[in-house]
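The values are calculated or read from the model by the stated rules, or taken from the named source; none is laboratory data. Not measured: the values here are computed from a predicted model. Cβ coordinates were reconstructed from backbone atoms using ideal geometry, including for glycine residues, and neighbour counts include every protein chain displayed.
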Amino acid sequence: MDVSQTRMIALRVREQLLPQREFTPLITACLQMNQTQVVARVNRQLAAVSDHLAELAETIETAIAQTTHEGDGVSDSATHGKDADGHVQATSLHLTDIPDSPMSVVLALSDLTAVAHLKSTARPIRNALRPIARRFRLPKAIERAGVSGVVQFDDQLSDGDVMKAMWVVEEGGEGGWGEVGDTLRVGEQCGHCQLPVTVGAGDLQTYATKADFLALPRVFAQWMLVGRHVVFRRPTGQQDGTLQLFRHNNDIRIIRNKPGFTITLNPPLPHPTRPVHPFSQHPFQQHAKPHDPPVSSRILWQQGVGWVTVGINNGPVDASASSVLKRLLLVYRELAVGGFSNSPTVVVDQRVRGDRIMTQSLHTPLDGCSHVMPWELADGSCAQSHVLTMSDDPFIAGMYFVIQPGNNQSAAVGIFTTEAAAAGVAHDAPFAQRFPLTAAMVRRALGPIAPIVLDGQAP
């Protein structure tokens, strides 16, 4: 076979592999008519012939590279044109001639295995898909994960890291980054980070393999990628570390990579056998989520010292991994940064007015609240904090409920806020008068017990 015939065959085969411009509207229409079936068919065929296609495409690329820009007797208008001097010139046909829209449909509806098949078939296919995966598939995955505007990825990621980013975002499924997104919003409320946080190549290097990522409960696995972007900083500018997670052998450590800062997953409960628990059944067991399990830690903030650890058996147990992260964010904001005002503590008889608050799912905030953090202390005290404000509110406000050991019927209730006190109101005026915006939020959340907490009504 002479060179002319080789060129002709190569161009013909290339014509079959790489659609001409006049065919792209038809491709687009087909994808829009029945996207799921078309994509499924593409995926099946690519999985079956990807190795052969890669070899064939490389052969075609080599043959086409040998063609000259001079006429060779082949005059097919689909593959040739004429230059300014009237010479016949080969016209390149590329996958990039297909508009982004239909290609993005294929990527959006394919699983990551199919995307990997597409990218591994041949260089022209891989090169065409790379920018589409970066511009369409990854942002769509972030949106489905529930963290649009909260998490983004560095624009300078390599193509391999883009695939890795797509995988870690999509692994959680629909809304699968919800807890991490909520925790980052608390971090922004407290002034510890700015959203969106940007995950870079260094963050993605945390995991060498998928098995490393899957070895941790999902919330911790995801937080390993973003935690170092949440910074504890005092008003003076002094930093007290980040809310970063560290892996040390089989341990998970937080804030500092030291033994006392270890977090224990699914720990023994402080009082698992007591005859009557304030929540009827122990809520950490009843409402436990495998991807966001109960944890214990020994970390406290000590004024004048900073982050310290307590004895092995003296730390609290939090209802979930995300709960301990949020609690530490608020603890630092209140004790290290300051600016909070607190209401007097009021005791409410649960038998009369407060059952609903302490018996609903521990992962469900009260009406109008954005977050809830339940924990149990080593002495048996049970507590919940509910954040009243949203991330776009100009101040932070919340409530706490505490049930002391040995008194399962009464809950102590208090309010905290950074709202500026109302102008012209006396310092010793009732809390509801001094902080009217916070009080309005409390009334919405507490309903019938609000007058007890805010107005001094008899319990």
Item to complete: Would you be able to say whether some residue in the stretch 359-378 is at pLDDT below 90, more than 24 Å from the chain's Cα centre (by Cα), closer than 25 Å to Ala440 by Cα and of a type in the set (A, V, I, L, M)?
Response: no
Discussion item. Tell me whether the stretch 406-422 contains one or more residues that are exposed (fewer than 14 other Cβ atoms within 10 Å of the Cβ) and charged (D, E, K, R).
Written reply: no
Response to the item:
All conditions in (1) at pLDDT 95 or above; (2) under 28 Å from the mean Cα position of the chain (by Cα); (3) surrounded by fewer than 23 Cβ atoms within 10 Å (Cβ to Cβ) are true of Ser343 except (2)
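Does Leu437 meet the test of being farther than 18 Å from Glu334 by Cβ and at pLDDT 95 or above? Can you show your working first?
Working: farther than 18 Å from Glu334 by Cβ: yes; at pLDDT 95 or above: yes.
Yes, satisfied.
Just the residues that are of a type in the set (S, T, N, Q) and without any contact (Cβ under 8 Å) to a residue 24 or more places away in the chain, please, taken from the stretch 182-208.
Within the stretch 182-208, Gln194, Gln205, Thr206 qualify.
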Worksheet item: Which one of the conditions (1) modelled with pLDDT of 90 or more; (2) of a type in the set (Ser, Thr, Tyr); (3) under 19 Å from Leu362 (Cα atoms) does Ser381 fail to meet, given that it meets all the rest?
Response: (1)
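Count, please, the residues in the stretch 306-327 that happen to be of a type in the set (Ser, Thr, Tyr) and assigned to a loop (DSSP other than H, G, I, E, B). Show your work before the answer.
Here is the first cut: in the stretch 306-327, the residues of a type in the set (Ser, Thr, Tyr) are 309, 320, 322-323.
Those left that are additionally assigned to a loop (DSSP other than H, G, I, E, B): 320.
Qualifying residue count, the stretch 306-327: 1.
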Fill in: Extreme residue, farthest from Asp318 (Cα to Cα), among residues of the stretch 402-422 that are touching a Ser or Thr at 6+ places or on another chain (Cβ under 9 Å) and in a strand (DSSP E or B)
Thr417
Discussion item. Looking at Gly172, Gly149 in this structure, which one is buried (at least 18 other Cβ atoms within 10 Å of the Cβ), within 11 Å of the chain's Cα centre (by Cα) and within 30 Å of Gly398 (Cα to Cα)?
Written reply: Gly172
Item to complete: Determine which single condition Ser391 fails, assuming it passes every other condition in (1) free of Cβ contacts under 8 Å to residues at least 12 places away in the same chain; (2) under 19 Å from Ser323 (Cα atoms); (3) in contact with a helix residue (DSSP H, G or I) (Cβ under 9 Å, 6 or more places away or on another chain).
Response: (1)
Worksheet item: For the stretch 366-382, does any single residue satisfy the condition of being surrounded by fewer than 17 Cβ atoms within 10 Å (Cβ to Cβ) and without any contact (Cβ under 8 Å) to a residue 12 or more places away in the chain?
Response: no
Item to complete: Report, by residue number, each residue of the stretch 446-459 that is buried (at least 20 other Cβ atoms within 10 Å of the Cβ) and over 17 Å from Ala421 (Cα atoms).
Response: Leu446, Ile449, Ile452, Val453
Item to complete: Could you run through the stretch 136-146 and say how many residues are more than 13 Å from Trp177 (Cβ to Cβ) and either among the basic types (Lys, Arg) or surrounded by 24 or more Cβ atoms within 10 Å (Cβ to Cβ) (or both)?
Response: 2
Worksheet item: Going through the stretch 383-405 one residue at a time, which ones are among the hydrophobic types (A, V, I, L, M, F, W, C) and crowded, with 16+ Cβ neighbours inside 10 Å?
Response: Ala383, Val387, Leu388, Phe395, Ile396, Ala397, Met399, Phe401, Val402, Ile403
